[in-house]
Structures are given as structure tokens and as C-alpha cells.
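Undergrad: Before I ask anything, let me first share the structure, which is written out below as C-alpha cells.
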């Protein structure tokens, strides 16, 4: 048997791993209510805006689907820079690099900044690639705490206690995936003050959900930083409802001019992988330059579905949740001791018995996610109500069986 590399064999991605048993059930003829993946296109009433789709199609029809510049189409980089500047910092098109989604941007950042012994400090719980990818470069991910009883707010004291000279990247996912927390401006300022004490530390600001903020408190991390370098990450997947296009970007904010070598490394890596999809970039450009009034309509639909979920959870014995301030996720706490100690089994048993697919919280952090599950609340109201009816029935049935 030819051996697999250790870096590949140890990778886990909980969000998609739970799809494997769900797919088997579907092959046996069962209909599954899927509330596991943050793909807005998978749910009704949230299609990719027509003017963006038309621009994508026009790119194909006009033959504009060859290789594009490795750093992104110049007109798209300019539009992204304008959008980032609108958020409160001076971004030029030369600070913007277009990638195959934020996931590729992360891979490139990790490759350009991490070595054996390097550390990434990321929130726990967090989006799985922040744990999975750094190990490929000999680095490790250290989790800092989010306060599970305080809206999943950042535990800044915990961050400060874990900082040292080996922490190269301090990650802020804002709004957070999987908890939906939105960081307050004051918390961001203190986080930047902590990072400023460590000259080799850079901030990764994953802001892919910034247009889905229900608190009106979201601010760009780069807009608050006068000294600390920041990678601002964003793209077309979530707020522009086009996840399959795989177009994202990193924008480098380097107020102290300390990222010259890092920028060179990033550009070398980008050139070596050619370019992101050209017609998809044109579609994103249409979204950035076009009318955005549709965004409020979509946001209101998402918020209405969030509020329904909060109401339903409040009425079900065995689960509770902190009110998410943004994105489209809920990180629901299992209050029944039996399931709190084995959240993955809860998800698998619920799937097999009630055909509702969620993601176990421990898949976002074995320690800090344990005893929770993540729910995507993008489905229509009837589907969400059916899902909660089944969750309630499942919890009640198993509670009765233990008596």
C-alpha cells in the first residue's frame, strides 16, 4: 500500500464530513433537511443577483475567459480598493490580491508567513481551515477563548496570556463563524493594542460576513489600525450570494511599512498558481459597481429567519443559544448532559432518526465547541419549523427513554 502524507491524512473538515452519512441516507431514498453548510444558494429566496450573473455570462459569451493577471483583474482590484476605503482605511488597488475564495487567500498567507515553530492564534470555536492548514507548514494553531455565556465575545485576557514571539498571525473572524458574534469596536482596539507589543505579529481579519451585521457595530479591523499590519479577507461568497464562483481577496493594510518581504512572498505564490476565474471576477465587479439596494432586502429575509430560530429554540427543552449578531449561523448549546458530552453522536443520531443535518460543535474546536451544534438558518420558514419540530421530538424521545 502506497503511504499517504501525514499532512493529508490528518485533515478534517467537519462541515463536509457529516455530508458522507447524509449522502448515504439520500441514496436510500430519504429526504434530508440540510442545515449544515453556509451556502446561501442552497436555500430559497436568496439567488445570486441577476446583474452579476449577466456579467458573468457576458464574460463567457464575449470570449473573456482566458487567463487574467495573477493578482486579479485591474478593474476589479480598483473596485475592491474603493470598497475597502469606504470602510475607513486608505486602500489602493496594489494592496488587493484576488484569490480562489478566502480559503485560497488563507493558504497563501499561511505559506508566506509560517514556518516550523510558528503559531497562529485563532478563536475557539472557529472555521476549520484555521486549524487544518497551518500544520502543513510546520506551524500550530493555538485557540483563544470566546465567552460562551456572554454572546461569544472575545476573551481578550486569554489572547494576551497566549501571545509570544512565535505568534505570527492573530485571527479575528468578524462576524464569527460558527457563533455569529460581532466584535465591538472597543474590543478590536484592545486586540490591536495587544498585537502591537509583538513586532512579528500580523492580524488576519476574516470579514467575509461583514454585510450581514444585525448589531450595527461592525467595523473594519484595518480601519482601526494605525500600526499593526492587517490582512483583510472578503469576497463574493456570502454577502453577494455567489459561493460557487470561488472569488475572494486579501487586502494588505501595512501602516508601518513592515510587510515588504511578506508581500513579495505572496506575489510569488500568486504568480505560481496563475490566476482566479476571469468571468467570475467580472461577475463580482458588476456586484461591486452596481446597485446594492437588493442587499437590504436579502438581509431582512435572513434576519427574519434568525428571529424565528431564536423563538423556536427558546421553547425547546434541552437546547439554548446566545443571540447571534451577524452572519447566518447559530451555535446552539446542548443542555442535556448526555448530549453535551457527545455532540457528534447527537448530530449523527438526529440525522439517522429525524433526517435533519447539522454540524457538531466539536468539529469547530474539540475543546471549546464541545456540547454545541452549528445550525445554518437560511432555509425558508416552513423548513426551519419542520426541522425544529423534529429536533424537539428527538430530544423528548431520548429524554423519556432514559427515565
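Undergrad: Across the stretch 119-138, what is the total count of residues that are outside any strand (DSSP E or B) and out of contact with any helix residue (DSSP H, G or I) (no Cβ under 7 Å at 6 or more places or on another chain)?
TA: 6
Undergrad: Filter the stretch 1-17 down to the residues that are surrounded by 11 or more Cβ atoms within 10 Å (Cβ to Cβ) and not in a loop (DSSP other than H, G, I, E, B), then identify the one that is modelled with the lowest pLDDT.
TA: 14
Undergrad: Does the stretch 285-301 contain any residue that is within 29 Å of residue 202 (Cα to Cα), at pLDDT below 95, out of contact with any strand residue (DSSP E or B) (no Cβ under 9 Å at 6 or more places or on another chain) and surrounded by 18 or more Cβ atoms within 10 Å (Cβ to Cβ)?
TA: Looking through the stretch 285-301, none of the residues is within 29 Å of residue 202 (Cα to Cα), at pLDDT below 95, out of contact with any strand residue (DSSP E or B) (no Cβ under 9 Å at 6 or more places or on another chain) and surrounded by 18 or more Cβ atoms within 10 Å (Cβ to Cβ).
Undergrad: Select from the stretch 18-36 the residues that are outside any loop (DSSP other than H, G, I, E, B) and either touching a strand residue (DSSP E or B) at 6+ places or on another chain (Cβ under 9 Å) or touching a residue at least 40 places away in the same chain (Cβ under 8 Å) (or both) and list them in ascending order.
TA: Hits for the stretch 18-36 are 19, 21, 22, 25, 33, 34.
Undergrad: The conditions are (1) more than 21 Å from the chain's Cα centre (by Cα); (2) in a loop (DSSP other than H, G, I, E, B); (3) surrounded by fewer than 19 Cβ atoms within 10 Å (Cβ to Cβ), and residue 158 fails exactly one of them. Which is it?
TA: Against the list (1) more than 21 Å from the chain's Cα centre (by Cα); (2) in a loop (DSSP other than H, G, I, E, B); (3) surrounded by fewer than 19 Cβ atoms within 10 Å (Cβ to Cβ), residue 158 comes up short only on (2).
Undergrad: Let me ask something else about it. Of all helices (runs of 4 or more DSSP H) completely enclosed by the stretch 297-403, which ones contain at least 3 residues that are without any contact (Cβ under 8 Å) to a residue 24 or more places away in the chain and farther than 22 Å from residue 147 by Cβ?
TA: 381-402
Undergrad: Out of 104, 115, I need the residue that is in the same structural domain as residue 228 (by TED's automatic domain parsing) and either surrounded by fewer than 18 Cβ atoms within 10 Å (Cβ to Cβ) or closer than 24 Å to residue 371 by Cα (or both). Which one?
TA: 115
Undergrad: Okay, next question. The conditions are (1) under 23 Å from residue 261 (Cα atoms); (2) touching a strand residue (DSSP E or B) at 6+ places or on another chain (Cβ under 8 Å), and residue 142 fails exactly one of them. Which is it?
TA: Of the numbered conditions (1) under 23 Å from residue 261 (Cα atoms); (2) touching a strand residue (DSSP E or B) at 6+ places or on another chain (Cβ under 8 Å), the odd one out for residue 142 is (1).
Here is a yes/no grid of residues against (1) over 28 Å from residue 296 (Cα atoms); (2) within 14 Å of the chain's Cα centre (by Cα); (3) not assigned by TED's automatic domain parsing to the domain that holds residue 138:
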residue: 181; (1), (2), (3): no, yes, no
residue: 188; (1), (2), (3): no, no, no
residue: 191; (1), (2), (3): yes, no, no
residue: 212; (1), (2), (3): no, yes, no
residue: 217; (1), (2), (3): no, no, no
residue: 236; (1), (2), (3): no, yes, no
residue: 269; (1), (2), (3): yes, no, no
residue: 273; (1), (2), (3): yes, no, no
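Undergrad: Going by the structure shown, is residue 229 in contact with a helix residue (DSSP H, G or I) (Cβ under 7 Å, 6 or more places away or on another chain), surrounded by fewer than 24 Cβ atoms within 10 Å (Cβ to Cβ), in contact (Cβ under 8 Å) with a residue 24 or more places away in the chain and not assigned by TED's automatic domain parsing to the domain that holds residue 377?
TA: no
Undergrad: Within the stretch 323-351, can you find the residues that are closer than 17 Å to residue 379 by Cβ and out of contact with any strand residue (DSSP E or B) (no Cβ under 8 Å at 6 or more places or on another chain)?
TA: Hit for the stretch 323-351 is 327, nothing else.
Undergrad: If I ask for residues that are at pLDDT below 90 and either touching a strand residue (DSSP E or B) at 6+ places or on another chain (Cβ under 7 Å) or in a helix (DSSP H, G or I) (or both), which ones from the stretch 37-88 would you list?
TA: Listed by number, the residues that qualify are 37, 38, 40, 41, 42, 60.
Undergrad: In addition: Working only within the stretch 250-283, note down all residues that are touching a residue at least 60 places away in the same chain (Cβ under 8 Å), part of a loop (DSSP other than H, G, I, E, B) and in contact with a strand residue (DSSP E or B) (Cβ under 7 Å, 6 or more places away or on another chain).
TA: 276
Undergrad: Looking at residue 321, is it assigned by TED's automatic domain parsing to the domain that holds residue 393, more than 26 Å from residue 24 (Cβ to Cβ) and at pLDDT 95 or above?
TA: yes
The values are calculated or read from the model by the stated rules, or taken from the named source; none is laboratory data. Quick caveat: nothing in here was measured; it's all calculated off a predicted structure. Every residue, glycine among them, receives a Cβ derived from its backbone with ideal geometry; neighbour counts consider all protein chains shown.
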